[in-house]
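Here the structure is laid out as structure tokens; the discussion comes afterwards.
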Ligand SMILES: Nc1ncnc2c1ncn2[C@@H]1O[C@H](COP(=O)(O)OP(=O)(O)OP(=O)(O)O)[C@@H](O)[C@H]1O
Ligand SMILES: [Mg+2]
């Protein structure tokens, strides 16, 4: 469904992403892990068009996205959250969702809306999305007044408001409590069950191993492994990469 072919991004001498090829299948949760600075966020930035690649292509169901602008990719059904939360702090929760829903061009006609069918052509109904994200009681609260876990949920709801076919999540549980992390995991599963394909970057190993259908591992910008959660946990190259880094995911090696 979503295919990266020989994708690279170099910043001067830094090979942030270095010749990565991978395919994410329709309807799966694909976990993308790796030590700090291994190129995970850069990969999402290449998929969404925030950065132009040094080499390689990004295709969605055979459509080449590589030359498309960010808003065109949104219209094609690509949505993301940011590692550093990006919300309009002075707008309410509901207003943030409204802006997200109306801030992009009408999606292309051949992609039927899959998310909350009741929402019709313009994407999910905002009230439904608020309920889904357990933010309904906060609908008129300013985003800046939310707890960290609530902000993370609003980030994800904001991405869903554009009615995506593929959702790219960059550390959606970072800074959230254990309980909020659990709630997020349930929501991510629900999103997948509604037919949205998910790319999940996450350092919380329990979460990513628990909900991913398949996992890819980056190290120094290169893909060093790909497989099921069990295969990844048993992979010696992966263990070595984590052992060699001063990384907070060291619990991978105890998993
Ligand atoms: N805009 C940029 N300019 C220069 N170097 C960059 C830029 N963005 C990322 N890099 C570098 O590219 C490498 C990969 O960074 P990236 O943010 O993709 O890593 P990451 O896997 O998301 O790390 P983390 O787990 O810490 O979020 C790092 O060495 C980083 O310093
Ligand atoms: Mg990152």
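For residue 37, the criteria (1) on the phi > 0 side of the Ramachandran plot; (2) crowded, with 20+ Cβ neighbours inside 10 Å hold in every case but one, which is (2). Considering the conditions (1) touching a helix residue (DSSP H, G or I) at 6+ places or on another chain (Cβ under 8 Å); (2) within 8 Å of ligand 1 (Cβ to nearest atom); (3) closer than 18 Å to residue 216 by Cβ; (4) modelled with pLDDT of 95 or more, residue 32 is excluded by exactly one of them, (2). Among the residues making up segment 134-147, a single one is free of Cβ contacts under 8 Å to residues at least 40 places away in the same chain and either within 14 Å of residue 181 (Cα to Cα) or touching a strand residue (DSSP E or B) at 6+ places or on another chain (Cβ under 8 Å) (or both): 147.
Listed here are the residues, each with its yes/no results for (1) assigned by TED's automatic domain parsing to the domain that holds residue 56; (2) under 11 Å from residue 29 (Cα atoms); (3) without any contact (Cβ under 8 Å) to a residue 24 or more places away in the chain.
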| residue | (1), (2), (3) |
| --- | --- |
| 183 | yes, no, no |
| 189 | yes, yes, no |
| 195 | yes, yes, no |
| 203 | yes, no, no |
| 209 | yes, yes, no |
| 214 | yes, yes, no |
| 222 | yes, no, no |
| 231 | yes, no, yes |
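Taking the listed residues 31, 49, the one that is within 16 Å of ligand 2 (Cβ to nearest atom), buried (at least 17 other Cβ atoms within 10 Å of the Cβ) and either closer than 22 Å to residue 159 by Cβ or not assigned by TED's automatic domain parsing to the domain that holds residue 199 (or both) is 31, with no other qualifying. For segment 2-29, a residue qualifies if it is on the phi > 0 side of the Ramachandran plot and under 15 Å from the mean Cα position of the chain (by Cα), and exactly one does: 27. Within segment 35-45, if we keep just the residues that are touching a strand residue (DSSP E or B) at 6+ places or on another chain (Cβ under 6 Å) and more than 6 Å from ligand 1 (Cβ to nearest atom), the residue that is farthest from residue 77 (Cα to Cα) turns out to be 43. Of all residues in segment 85-92, one or more are within 13 Å of the chain's Cα centre (by Cα), within 16 Å of ligand 1 (Cβ to nearest atom), in contact (Cβ under 8 Å) with a residue 40 or more places away in the chain and in a loop (DSSP other than H, G, I, E, B). Here residue 166 passes the criteria (1) on the phi > 0 side of the Ramachandran plot; (2) more than 16 Å from ligand 2 (Cβ to nearest atom); (3) modelled with pLDDT of 90 or more except the one numbered (1). Residues that are under 22 Å from residue 188 (Cβ atoms) and modelled with pLDDT under 80 occur in segment 124-147; there is at least one. Of the residues making up segment 1-13, those that are surrounded by fewer than 19 Cβ atoms within 10 Å (Cβ to Cβ) and either touching a residue at least 12 places away in the same chain (Cβ under 8 Å) or touching a strand residue (DSSP E or B) at 6+ places or on another chain (Cβ under 8 Å) (or both) number 5.
For segment 79-102, the tally of residues that are in contact with a strand residue (DSSP E or B) (Cβ under 7 Å, 6 or more places away or on another chain) and under 22 Å from residue 188 (Cα atoms) stands at 5.
The values are calculated or read from the model by the stated rules, or taken from the named source; none is laboratory data. Just so it is clear, the structure is predicted and the values come from calculations on it, not from any experiment. Here Cβ is always computed from backbone atoms with ideal geometry, including for glycine, and neighbour counts include all displayed protein chains.
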